[in-house]
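These notes concern the structure reproduced below.
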Amino acid sequence: MSAISIVGTGGMAAAIGGLAAKAGHTVEVISRDAAKAQGLAEQFGADARTGTFGGAPAGDMVILAVPYSAVLDVVKQYGDALAGKILVDITNPVAADYTSFVTAEDSFGAQEIAKVAPADAQVVKAFNTLFSHILAAGSVEGQQLDVFLAGDDAQAKARISAFIESLGLRPLDTGPLLMARTLEHACLLSLGLMAHSVKHTDFSIGLSLPG
């Protein structure tokens, strides 16, 4: 089992941390709001702990479970404390109109995170195509949820894939970090489906293999 640190206390932090704690991983919760971090850690169980915001995370795998609007400042504030860590980017840099991005046309969220992270930190995009309440359920009628991921370091992706499998989910590697741009567009696809077709958020995007 792994030691993971989760920065954030929102719905995705609760979903990933809950599954991780259930799977036997050691979970550290970190937040600017120490009371919220403590409350979420207690929700995960006795083995979960809290960390000091801005200090070195205990886990070598750090889940960046804060909004994109905050994530770059968070990574900058941690600075060298993230050196050598695997940074799991679950964010989506979606604009207020839900049809475009706040990033420049020639960039994307995960790339912007990689720019401000320590040079030896490995950024892996994952979990960004799932709604938090769907992820928290872990599976639907016995069918595994698909977690798409992208990153440049094969070893880091293998670690994240093993972590995802331990949660009872199916990891699907989409290629190098450049593919995180496509995964961020997949978030827009979900939002478009929610607004115009499905009309709710009780669904997930996955892969079906006929035969």
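The values are calculated or read from the model by the stated rules, or taken from the named source; none is laboratory data. Bear in mind the structure is a predicted one, so any value in this text is a computation, not a measurement. Positions of Cβ are backbone-derived with ideal geometry, glycine not excepted, and every protein chain shown enters the neighbour counts.
When Asp47, Asp89, Asp60 are checked against the criterion of being in contact (Cβ under 8 Å) with a residue 60 or more places away in the chain, among the acidic types (Asp, Glu) and touching a helix residue (DSSP H, G or I) at 6+ places or on another chain (Cβ under 9 Å), a single residue qualifies: Asp89.
Taken over segment 160-211, the criterion of being of a type in the set (Gly, Ala, Ser), farther than 24 Å from Gly59 by Cβ and touching a residue at least 12 places away in the same chain (Cβ under 8 Å) is satisfied by Gly175, Ala186, Ser190, Gly192, Ala195, Ser204, Gly206. Scanning segment 180-209 for residues that are of a type in the set (D, E, K, R) and at pLDDT 95 or above, we see that the one that is surrounded by the fewest Cβ atoms within 10 Å (Cβ to Cβ) is Arg181.
Of all residues in segment 122-152, count the ones that are of a type outside the set (S, T, N, Q) and touching a residue at least 60 places away in the same chain (Cβ under 8 Å).
11
Answer with yes or no whether Ile134 is touching a Leu at 6+ places or on another chain (Cβ under 8 Å), assigned to a helix (DSSP H, G or I) and either at pLDDT below 95 or loosely packed, with under 15 Cβ neighbours inside 10 Å (or both). So Ile134 passes the test. Within segment 2-24, residues that are at positive phi and outside any strand (DSSP E or B) sit with their Cβ atoms under 6 Å from residues that are at pLDDT 95 or above and buried (at least 21 other Cβ atoms within 10 Å of the Cβ), at 6+ positions apart or across chains, in these pairs: Gly8/Ala65; Gly8/Val66. If you check Ala186, Ala156, Ala195 for being in a helix (DSSP H, G or I), of a type outside the set (Phe, Trp, Tyr) and touching a Ser or Thr at 6+ places or on another chain (Cβ under 6 Å), only one passes: Ala186. Taking the conditions (1) buried (at least 17 other Cβ atoms within 10 Å of the Cβ); (2) under 18 Å from the mean Cα position of the chain (by Cα) in turn, Arg49 satisfies each one other than (2). Report yes if Val62 is within 21 Å of Leu149 (Cβ to Cβ), surrounded by fewer than 23 Cβ atoms within 10 Å (Cβ to Cβ) and touching a Lys or Arg at 6+ places or on another chain (Cβ under 6 Å), otherwise no. When the stated conditions are applied, Val62 does not pass them. Only residues that are within 16 Å of Ile16 (Cβ to Cβ) and in a loop (DSSP other than H, G, I, E, B) were counted across segment 31-57, and they come to 6. Here Ala150 fulfils each of the conditions (1) among the small types (Gly, Ala, Ser); (2) more than 15 Å from the chain's Cα centre (by Cα); (3) crowded, with 24+ Cβ neighbours inside 10 Å apart from (2). All of Phe148, Phe163 fail the test of being closer than 15 Å to Asp89 by Cα, among the aromatic types (Phe, Trp, Tyr), at pLDDT 95 or above and assigned to a helix (DSSP H, G or I), apart from Phe163.
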